[in-house]
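The values are calculated or read from the model by the stated rules, or taken from the named source; none is laboratory data. Source: prediction; values computed, not measured. Here the Cβ is made from the backbone with ideal geometry for all residues, glycine too, and neighbour counts use every protein chain on show. Accessible surface areas use protein heavy atoms only, side chains included; no ligands, DNA or RNA. Shrake-Rupley method; radii C 1.70, N 1.55, O 1.52, S 1.80 Å.
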Amino acid sequence: MSYKLVSIKDVPKSKLKNFDCGTEVLNEFLFRYSLKNDTLGIGRTFVAFDENNEVTGYFTLASAQVVYEDIPDEYRVKLPKYPIPSLRIARLAVSKDLQGKGIGKWLLTQAFIKIVHVAEITGLYFIIVDAKETSKSFYEHYGFIKFNDKDFSYFLTVDTVRKAMEG
Ligand SMILES: CC(C)(COP(=O)(O)OP(=O)(O)OC[C@H]1O[C@@H](n2cnc3c(N)ncnc32)[C@H](O)[C@@H]1OP(=O)(O)O)[C@@H](O)C(=O)NCCC(=O)NCCS
């Protein structure tokens, strides 16, 4: 199965209303707020379609900063003590019926590709995610590391992802 990634700006609202990833806040965000936030420039949402033109999942990217205190000691080395420019995978979700088939991995890869591009034109150090109870182990599976004293906040460095993508 191959997937196509489309900006939320180009997705008819009727395509979004039946999306169900099993987590209501993520369904509601996609249907009610994703286009508004994209239009405002607060968060960019990208929707994945399958060959039958059905929505299989989505993710939202937004800029962020990480404060020094949240960074584990071994990742502080060389970093200045002011907030570090970062990019947040603010949401990532896969249709409930299609989970476990590699779509989450595909979406994460697409997000990484975009993030590495952004990092070519601006300072960007961390990729961060605020996981849900249902997705903590998914991010841990991909090597995301916990911030200090945070149960659901994880990070990878852009450098780690870039090197992994370069193989
Ligand atoms: C978490 C979620 C995005 C994963 O997507 P998915 O399409 O089911 O995941 P995939 O099939 O692509 O799995 C990719 C890999 O992650 C692993 N994985 C998937 N879900 C996992 C989980 N919950 N815990 C541990 N590993 C997981 C798979 O085993 C697979 O490993 P492999 O490539 O080594 O075989 C999806 O289940 C989801 O949308 N959940 C509900 C919404 C949610 O919680 N979103 C996150 C909030 S930001």
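I'd like the full set of residues that are in contact with a helix residue (DSSP H, G or I) (Cβ under 7 Å, 6 or more places away or on another chain), open to solvent by 20 Å² or more (accessible area, probe 1.4 Å), near the ligand (Cβ under 8 Å from one of its atoms) and not hydroxyl-bearing (Ser, Thr, Tyr), limited to region 119-159.
Correct list: 138 only.
Which one of 116, 94 is within 9 Å of the ligand (Cβ to nearest atom) and in contact with a Lys or Arg (Cβ under 9 Å, 6 or more places away or on another chain)?
Numbers: 116 fails: within 9 Å of the ligand (Cβ to nearest atom).
That would be 94, the only listed residue that is within 9 Å of the ligand (Cβ to nearest atom) and in contact with a Lys or Arg (Cβ under 9 Å, 6 or more places away or on another chain).
Please go through region 80-91 and pick out each residue that is more than 11 Å from the ligand (Cβ to nearest atom) and either within 26 Å of residue 17 (Cβ to Cβ) or not basic (Lys, Arg) (or both).
Keep residues of region 80-91 that are more than 11 Å from the ligand (Cβ to nearest atom), which gives 80-87.
Residues satisfying the conditions are 80, 82, 83, 84, 85, 86, 87.
Mind checking which residues of region 74-111 are more than 23 Å from residue 164 (Cβ to Cβ) and surrounded by fewer than 20 Cβ atoms within 10 Å (Cβ to Cβ)?
Passing the criteria: 80, 81, 82, 83, 96, 97, 98, 99.
May I ask you to verify whether residue 105 is within 19 Å of residue 145 (Cα to Cα) and without any contact (Cβ under 8 Å) to a residue 40 or more places away in the chain? Working first, answer last.
Values: within 19 Å of residue 145 (Cα to Cα): yes; without any contact (Cβ under 8 Å) to a residue 40 or more places away in the chain: yes.
So residue 105 fits the description; yes.
Which members of region 14-29 meet the condition of being open to solvent by less than 80 Å² (accessible area, probe 1.4 Å) and either part of a helix (DSSP H, G or I) or near the ligand (Cβ under 9 Å from one of its atoms) (or both)? Write out each step before concluding.
Let us first name the residues in region 14-29 that are open to solvent by less than 80 Å² (accessible area, probe 1.4 Å), namely 14-16, 19-23, 26-29.
Those that are open to solvent by less than 80 Å² (accessible area, probe 1.4 Å) and either part of a helix (DSSP H, G or I) or near the ligand (Cβ under 9 Å from one of its atoms) (or both): 14, 15, 21, 22, 23, 26, 27, 28, 29.
Kindly provide the set of residues from region 20-44 that are polar (S, T, N, Q) and either in contact with a strand residue (DSSP E or B) (Cβ under 9 Å, 6 or more places away or on another chain) or within 19 Å of residue 54 (Cβ to Cβ) (or both), ordered by number. Please lay out each step first, then the result.
The initial filter retains those residues of region 20-44 that are polar (S, T, N, Q), namely 23, 27, 34, 37, 39.
Listed by number, the residues that qualify are 23, 27, 34, 37.
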